[in-house]
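Note sheet for the following structure.
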Amino acid sequence: MTEVFFAPMKTTQDPVLKKQYTATRWLTPANQNEDKTWTYVFLMDPVVPNGDYDIENYLVKTYGAEKGKAY
């Protein structure tokens with residue numbers, strides 16, 4: 001999450017994405033789930049007008065179709 005998801009948001013030049021990043025807080029998991037996954041919680045307040053909150057869209061826009069969909 002830190003390298004793939006958050007790092008590009010910190011350095012983006014997209015003004016809408018910058019607003020989304022600053023308006024989003026997240027809870028980082030303390031422990032891994034039993035199935036070896038991690039659960040993050042995102043708090044987005046206030047919602048940014050015209051913001052796209054679809055994670056797959058963000059990853060595709062950031063990394064391209066193939067790599068974004070793989071993530």
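Each value in this text was obtained by applying a stated rule to the coordinates, not by laboratory testing. Keep in mind that this is a model prediction, so the values were computed, not measured. Virtual Cβ from ideal backbone geometry, glycine too; neighbours counted across all protein chains shown.
Scan the chain for GluC sites (Glu not before Pro) in coil per DSSP, keeping those whose Cβ has at most 13 other Cβ atoms within 10 Å, and list them by number.
Here the GluC sites (Glu not before Pro) that fit, given the DSSP loop and packing criteria, are 34.
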Most mobile listed residue (17, 59, 43) in the chain, GNM with C-alpha springs under 10 Å: 43
Each residue of the range 8-17 in turn: what ³J(HN,Hα) in whole Hz from Karplus with 6.51, -1.76, 1.60 and θ = phi - 60°, glycine and Pro shown as x? x, 5, 5, 10, 5, 9, 6, x, 5, 5
If you take the charge dipole of the chain about its Cα centre, with +1 on Lys and Arg Cβ and -1 on Asp and Glu Cβ, which of 17, 31, 44 is farthest toward its positive end? 17
Sequence-distant lysines (8 or more away, or on other chains) whose Cα lies within less than 28 Å of residue 36: 10, 61, 67, 69
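Using DSSP to define loop residues, name the trypsin sites (Lys or Arg not before Pro) in the chain whose beta-carbon has at most 11 other beta-carbon atoms within 10 Å.
On the way: sites: 10, 18, 19, 25, 36, 61, 67, 69; in loops: 36.
Within the chain, the qualifying trypsin sites (Lys or Arg not before Pro) (loop, at most 11 other Cβ atoms within 10 Å) are 36.
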